[in-house]
Amino acid sequence: QAKNKFFRALANAVNEVESKLTQLLLEDYSCNYLSIQHSTLLAQMLNELQLDSLPEAYFKIIPCEVLVCANHNFLLTDCKRLFLRCIGGLVYSEIAKSTMYKHYLVAAQQLGLSATKSYWEQYVTEDECDKHRMLEEVALPLAEKYPASAWELLLGYAQQKQIRQRASAATIKFCRESSND
């Protein structure tokens, strides 16, 4: 999802600082993504876990808060006026998912799931670098370039954090209720 957010945010880039997103994305895809397709690893992981690879199969069980998170991301990336908020949200996403993916990797290792482990290893490796670069090479220079609007970076970060926390809490609640049934 974050890569799609990158692509959509790039459509709104208007200067050299913002174009750093293009460089980060191209470097990421040329070095990592194209050498080992995420979709291939995802398909292997889902197969190993005996899960359906069609997202539509899960729409009935996904809490609405998860869909709100996705819709919020589309809103931010579609509106040029919200570009700094979008970048703030991307910074949060890069930081949070790096930590989250490490937990998924440990769980896959403990369960002995080789394809699942490979999928999360790929993400952990990429995201460690991405989070620092996103902050240092995009967000901080944007804050310097637009000091009067830098608060929007923080607002985007805080909004993304709150929305993700609500989505996570709703997912955990759903899982607990499902396991009790």
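The values are calculated or read from the model by the stated rules, or taken from the named source; none is laboratory data. These numbers come from a predicted model, not from an experiment. Note that we place each Cβ from the backbone using ideal geometry, even for glycine, and neighbour counts take in every protein chain shown. Heads up: the accessible areas ignore ligands, DNA and RNA and are worked out on the full protein's heavy atoms, side chains in. Shrake-Rupley method; radii C 1.70, N 1.55, O 1.52, S 1.80 Å.
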Quick check on the stretch 161-181: of everything there that is out of contact with any His (no Cβ under 6 Å at 6 or more places or on another chain) and among the β-branched types (Val, Ile, Thr), which residue is nearest to Lys60 (Cα to Cα)? Thr171
Between residues in the stretch 56-70 that are at pLDDT below 85 and residues that are part of a loop (DSSP other than H, G, I, E, B) and of a type in the set (Asp, Glu), which pairs lie under 8 Å by C-beta distance while being six or more apart or on different chains? Tyr58/Asp52
If we keep only residues of the stretch 47-68 that are part of a loop (DSSP other than H, G, I, E, B) and over 29 Å from Lys161 (Cβ atoms), then the residue most open to solvent (accessible area, probe 1.4 Å) is Gln50
